[in-house]
Amino acid sequence: MYLGEPVDLTARIPFDGRIGAYIKVLRRELDDLHKEVHDQKVEIKQRETQIYNKKHKAVPPSWEAGQKVLLQDKTIKKDSNKILTKPPCRGPFYITEVVKGKGNYLWAGL
């Protein structure tokens with residue numbers, strides 16, 4: 001069942017007087033509907049992610065444990081006169097462990 005198609009309001013769940021059987025049929029129908037909604041949400045999320053990544057030219061990070069990296073630091077202390085002379089990066093640091101695999105890393109200073 002595609003959720004974008006028109007709903008047939010004349011379709012009825014048969015009720016023959018047994019409440020237990022009716023509840024089972026109704027629950028099965030609702031479970032099927034929830035599964036369809038979930039599957040479509042996942043599909044839409046994947047499609048939107050692909051569109052976003054293509055538009056913004058996103059590239060997954062390729063860092064590995066043991067590599068040297070610089071940490072970008074754009075913070076400037078209040079009332080500081082070192083705006084032009086402050087180095088834009090700190091480091092180098094070593095990546096010691098990839099925590100989640102999607103851009104989160106543990107690092108240690110030299």
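Laid out as a table, the results:
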| read-out | value |
| --- | --- |
| Region 48-62 - residue that is assigned to a loop (DSSP other than H, G, I, E, B) and without any contact (Cβ under 8 Å) to a residue 12 or more places away in the chain and, of those, nearest to Val98 (Cα to Cα) | Ser62 |
| Pair list, Cβ < 6 Å and 6+ apart or interchain, from region 66-77 residues that are in contact (Cβ under 8 Å) with a residue 12 or more places away in the chain to residues that are in a strand (DSSP E or B) and of a type in the set (D, E, K, R) | Leu71/Arg90; Asp73/Arg90 |
| Exclusive hit being at pLDDT 80 or above, in contact with a Pro (Cβ under 8 Å, 6 or more places away or on another chain) and of a type outside the set (Phe, Trp, Tyr), set Gln72, Gln67, Gln50 | Gln72 |
| Which numbered condition Leu26 misses (of (1) surrounded by 10 or more Cβ atoms within 10 Å (Cβ to Cβ); (2) part of a loop (DSSP other than H, G, I, E, B); (3) not assigned by TED's automatic domain parsing to the domain that holds Phe93) | (2) |
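The values are calculated or read from the model by the stated rules, or taken from the named source; none is laboratory data. All values derive from a computational prediction rather than experimental measurement. Counting neighbours? That spans all protein chains shown, and the Cβs are built from the backbone with ideal geometry, glycine included.
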